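The values are calculated or read from the model by the stated rules, or taken from the named source; none is laboratory data. Predicted model, so just to flag it, every value in this text is computed and none were measured. Cβ: placed from backbone, ideal geometry, glycine included. Neighbour counts: every protein chain shown.
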Amino acid sequence: MLLFGGVSDKIGVRVSLALSLAVMMLGRILVALSGTLSLGSGMGSPMFLLMAGGLLLMVAAYGLYMPAAYAGSSVTPIRRRPPSAMASSMA
């Protein structure tokens, strides 16, 4: 979040959300493929490197997603009546 907060501001909320969700999907596909393909086992194996790469992509994508989601939710006004749980907590 610290590294990609400024990127989210520069490219906009919609593009940041779309890009982060696409990169998260790519990371999850890599993680799923690492266990599916027979790439060997152990720390130096291609399976481990594929898994680590997928997890790194997901973490980086979450770093872009969270500032964009916060910026999008704080800018968008609520035009309808809030749910009763929210209304009772604000009272």
How about segment 15-49: which of its residues are surrounded by fewer than 17 Cβ atoms within 10 Å (Cβ to Cβ) and in contact (Cβ under 8 Å) with a residue 40 or more places away in the chain?
-> Leu21
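Determine if segment 50-59 includes at least one residue that is surrounded by 13 or more Cβ atoms within 10 Å (Cβ to Cβ) and out of contact with any helix residue (DSSP H, G or I) (no Cβ under 7 Å at 6 or more places or on another chain). Working first, answer last.
Initial filter on segment 50-59 (surrounded by 13 or more Cβ atoms within 10 Å (Cβ to Cβ)): 50-55, 57-58.
Now drop any that are not out of contact with any helix residue (DSSP H, G or I) (no Cβ under 7 Å at 6 or more places or on another chain), which leaves 52.
Yes.
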Pairs, please: C-beta under 7 Å, at least 6 apart or cross-chain, first residue farther than 24 Å from Leu3 by Cα and surrounded by 10 or more Cβ atoms within 10 Å (Cβ to Cβ) and in segment 66-80, second of a type in the set (A, V, I, L, M) and at pLDDT below 65?
-> none
